[in-house]
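Asker: For reference, the structure I am asking about is given below.
The values are calculated or read from the model by the stated rules, or taken from the named source; none is laboratory data. Owing to the predicted nature of the structure, the values given are computational and were not obtained by experimental measurement. Here the Cβ positions follow ideal geometry from the backbone for every residue, glycine too, while neighbour counts run over all protein chains shown.
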Amino acid sequence: MTAPEIRVRFAPSPTGYLHVGGARTALFNWLYARQLGGVFLLRIEDTDKARSTDESTRAIFDGLNWLGLHWDETVVYQGSPEHLARHQSDARSLLDRGLAYRCFCTAAELDERRKEADARKTAFKYDRRCDRLAPEDISRRVADGMPFTVRFRVPEGTISWDDIVHDTISFPDKDIEDFVILRSDATPIYNLAVVSDDIAMRISHVMRGDDHISNTPKQILLYHALGAALPRFAHFPMIHGMDGKKLSKRHGATAVADYEHQGILPQAMNNFLALMGWSPGGDREVMTMPEMLELFSEKGLLRKAAVFDTKKLEWMNGQHLSRLTGDDLVNAVAPAFVRAGLFASLDSVEEVKPWFVGVLDDCKERARTTDQLVGLTELFFPGHVVTIDAESAKKNWPDRAVAADLIRASRDRLATLEPWEDKAIETALKTLATERGVGTSPLFQMIRVAVTGKSVGISVTHTIFRLGKVVTLQNIDGALQWLAQGPPA
RNA sequence: GGCGGUAUCGUCUAGGGGACUAGGACACGGCCCUCUCAAGGCUGGAACACGGGUUCGAAUCCCGUUACCGCUACCA
């Protein structure tokens with residue numbers, strides 16, 4: 001006997017970019033499927049043509065691919081004609097079997113009644129008046145071409161299911177109104193389209209955000225009415241902004257693409273997202289994708305909404321960056337270097353890979369994002385022109401004449417230094433500091449700014465070593481000129 | 001308003017009746033290391049929402065209250 005096939009799906013509506021909440025949901029589905037040898041599908045819920053755009057669909061693909069959350073089979077477009085036809089025939093079938101009925105109430109009328117109920121401070125629930133229409137009355141209205149929606153008749157009883165993250169959840173049917181499944185233009189409403197598609201796609205586990213909990217009883221009713229077996233349901237907690245409110249544009253970056261552009265690594269993003277609503281237990285935090293795949297379990301799924309803290313995301317990114325080595329490191333950061341114009345293309349990275357890996361290894365621990373890594377390493381690129389940062393100059397060269405004198409002296413020592421090694425460079429510079437009666441700290445900082453233009457970076461002696469004698473001297477000469485003449489106009 | 005969900009440091013979380021004087025991480029402060037910035041090490045402050053039960057014993061189980069979130073559309 002073989003276990004039933006596991007088929008899960010991520011079903012976003014293409015009405016914006018791929019936001020972090022959606023990405024987290026996609027990640028959990030992907031993790032679940034990949035771990036259990038199941039299938040991970042992508043369905044674009046574009047039945048709301050007015051709000052859906054191709055651009056958004058594109059953004060969803062891009063975001064998922066960037067995160068490495070590749071889907072199986074072909075993408076399902078919910079609003080495509082073939083699926084639309086099935087939604088309609090499912091509605092038709094419910095109508096024919098007396099499980100749904102035509103409602104001739106107009107949107108305006110419904111609105112009016114809702115307002116009245118509101119004024120009386122009572123809960124509005126559709127009163128089923130159209131379900132009491134005489135058969136001949138209905139036929140006459142249909143014959144007259146009167147527009148109607150199709151409503152599902154909610155039976156009496158209680159709906160409950162065993163949610164993977166919440167355990168048992170139940171809803172009394174009396175609190176659910178006869179909901180619309182087909183609009184008057186014959187297009188399907190969300191709940192019908194979802195159930196119809198999930199049945200057709202043979203989805204075994206419906207895993208989504210817990211904002212769908214109250215849709216679930218309606219959908220279960222539809223599964224029963226359509227004679228299909230129920231999938232298992234899992235509802236993941238929401239992701240909120242630092243103010244505890246649902247994450248929105250007000251909170252700054254909410255699209256995964258924003259983080260990609262800020263120099264966040266996809267593996268760090270996945271790691272951080274996974275921890276919003278899941279925990280491997282114990283103190284484990286930093287994990288690679290393969291590790292998460294191994295550790296992921298429905299037992300560790302959490303119920304509480306999580307607040308998205310970008311500070312921790314950055315910290316985590318730094319952890320991932322520091323742990324990467326060799327080719328993995330190069331592959332992870334190369335796109336950022338191409339974007340920064342340091343490499344013409346990914347191919348040109350290949351040509352100098354050993355050198356590049358060396359530079360990266362020297363700097364990676366000091367960077368939290370790939371953008372910072374670019375800033376730390378750019379001066380080692382051939383042809384890099386140093387620009388003296390005004391703030392750094394002001395702070396580390398308080399007296400220009402003194403600075404120039406010390407820097408010139410350092411230049412002289414370095415010019416004749418043999419051999420060109422970290423230790424020798426350090427000794428030479430420290431000796432100079434002692435001879436001149438200045439602290440190593442201020443002297444090293446003076447030299448740092450002279451050689452790199454900045455006040456922060458990796459070890460000064462190692463920077464000088466890596467730059468080589470020619471470039472180091474060149475940079476120092478540039479700094480001396482700057483000191484003599486002031487910044488170039 | 002109705003219905004549903006949730007509740008441990010500011011934040012992410014560990015914990016699932018006794019091992020809790022509640023652990024780790026981010027953030028914040030101090031110290032160490034140190035040529036800067038990171039990283040790393042040490043360290044400080046910081047939480048079981050409240051009230052009732054059940055029990056010899058509750059952060060853990062039950063009930064209520066409160067707060068927050070979600071749904072309550074011919075949106076998804």
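Asker: Looking at this structure, is A:Y126 in contact with a strand residue (DSSP E or B) (Cβ under 8 Å, 6 or more places away or on another chain), in a loop (DSSP other than H, G, I, E, B) and either assigned by TED's automatic domain parsing to the domain that holds A:A186 or surrounded by 11 or more Cβ atoms within 10 Å (Cβ to Cβ) (or both)?
Answerer: Yes; evaluated as a whole, the condition is true for this residue.
Asker: Sticking with this one: Among the helices (runs of 4 or more DSSP H) lying completely within the range A:1-120, list those that include at least 3 residues that are polar (S, T, N, Q). Lay out the reasoning, then the answer.
Answerer: On the way: elements: A:20-35, A:54-67, A:81-96, A:107-119.
Answer list for the range A:1-120: A:20-35, A:54-67, A:81-96.
Asker: Could you tell me how many of the residues in the range A:137-182 are within 12 Å of RNA strand B (Cβ to nearest atom) and at positive phi?
Answerer: Residues that pass the stated criteria total 1.
Asker: Also, quick follow-up: Specify which of the listed residues (A:R51, A:R58, A:R43) is among the basic types (K, R), in contact with a helix residue (DSSP H, G or I) (Cβ under 8 Å, 6 or more places away or on another chain) and at negative phi. Even if it seems obvious, please write down each step before you answer.
Answerer: Numbers: A:R51 fails: in contact with a helix residue (DSSP H, G or I) (Cβ under 8 Å, 6 or more places away or on another chain); A:R58 fails: in contact with a helix residue (DSSP H, G or I) (Cβ under 8 Å, 6 or more places away or on another chain).
Exactly one of A:R51, A:R58, A:R43 is among the basic types (K, R), in contact with a helix residue (DSSP H, G or I) (Cβ under 8 Å, 6 or more places away or on another chain) and at negative phi, namely A:R43.
Asker: Out of all the residues in the range A:343-350, is one or more loosely packed, with under 13 Cβ neighbours inside 10 Å, under 13 Å from A:D327 (Cα atoms) and outside the structural domain of A:I458 (by TED's automatic domain parsing)?
Answerer: Checked the range A:343-350: at least one residue is loosely packed, with under 13 Cβ neighbours inside 10 Å, under 13 Å from A:D327 (Cα atoms) and outside the structural domain of A:I458 (by TED's automatic domain parsing).
Asker: Can you name every residue in the range A:407-452 that is among the aromatic types (F, W, Y) and assigned to a helix (DSSP H, G or I)?
Answerer: A:F444
Asker: Within the set of pairs 6+ apart or on separate chains, which have a first residue in the range A:428-444 that is outside the structural domain of A:K395 (by TED's automatic domain parsing), a second that is among the hydrophobic types (A, V, I, L, M, F, W, C), and C-beta atoms under 7 Å apart?
Answerer: Short answer, once both residue conditions are applied: none.
Asker: Among all residue pairs at least 6 apart or on different chains, which show Cβ distances below 6 Å where the first residue, located in the range A:211-225, is closer than 13 Å to A:L99 by Cα and the second is among the small types (G, A, S) and buried (at least 22 other Cβ atoms within 10 Å of the Cβ)?
Answerer: none
Asker: If the Cβ limit is 7 Å and pairs must be 6+ apart or interchain, which residue in the range A:103-124 that is touching a residue at least 60 places away in the same chain (Cβ under 8 Å) pairs with which residue that is of a type in the set (V, I, T) and within 7 Å of RNA strand B (Cβ to nearest atom)?
Answerer: Cβ pairs passing all conditions: A:C103/A:T149.
Asker: Would you call A:L110 out of contact with any Phe, Trp or Tyr (no Cβ under 7 Å at 6 or more places or on another chain), away from RNA strand B (no atom under 14 Å from the Cβ) and at negative phi?
Answerer: Criteria not met by A:L110.
Asker: Among the residues of the range A:1-18 satisfying the criterion of being buried (at least 22 other Cβ atoms within 10 Å of the Cβ) and under 15 Å from the mean Cα position of the chain (by Cα), which is nearest to A:E294 (Cα to Cα)?
Answerer: The initial filter retains those residues of the range A:1-18 that are buried (at least 22 other Cβ atoms within 10 Å of the Cβ), namely A:8-12, A:14, A:18.
Then keep just the ones that are under 15 Å from the mean Cα position of the chain (by Cα); that gives A:10, A:12, A:18.
Working: A:F10: 21, A:P12: 26, A:L18: 26 Å.
So the residue we want is A:F10.
Asker: Among the residues of the range A:228-251, write down those that are farther than 22 Å from A:N215 by Cβ and away from RNA strand B (no atom under 12 Å from the Cβ).
Answerer: Result: A:K249, A:R250, A:H251.
Asker: Turning to a different aspect of this structure: Without any contact (Cβ under 8 Å) to a residue 24 or more places away in the chain, part of a helix (DSSP H, G or I) and either more than 22 Å from A:C363 (Cα to Cα) or in contact with a Pro (Cβ under 7 Å, 6 or more places away or on another chain) (or both): is that true of A:A403 in this structure?
Answerer: It is false that A:A403 is without any contact (Cβ under 8 Å) to a residue 24 or more places away in the chain, part of a helix (DSSP H, G or I) and either more than 22 Å from A:C363 (Cα to Cα) or in contact with a Pro (Cβ under 7 Å, 6 or more places away or on another chain) (or both).
Asker: Hey, does the range A:361-382 have a residue that's within 20 Å of A:P266 (Cβ to Cβ), within 21 Å of the chain's Cα centre (by Cα), surrounded by 15 or more Cβ atoms within 10 Å (Cβ to Cβ) and away from RNA strand B (no atom under 16 Å from the Cβ)?
Answerer: no
Asker: So which helices (runs of 4 or more DSSP H) stay within the range A:199-310 end to end and still have 3 or more residues that are buried (at least 21 other Cβ atoms within 10 Å of the Cβ) and at pLDDT 95 or above? If you could, list the steps in order and put the result at the bottom.
Answerer: On the way: elements: A:216-225, A:256-261, A:266-274, A:289-295.
Those helices (runs of 4 or more DSSP H) span A:216-225, A:266-274.
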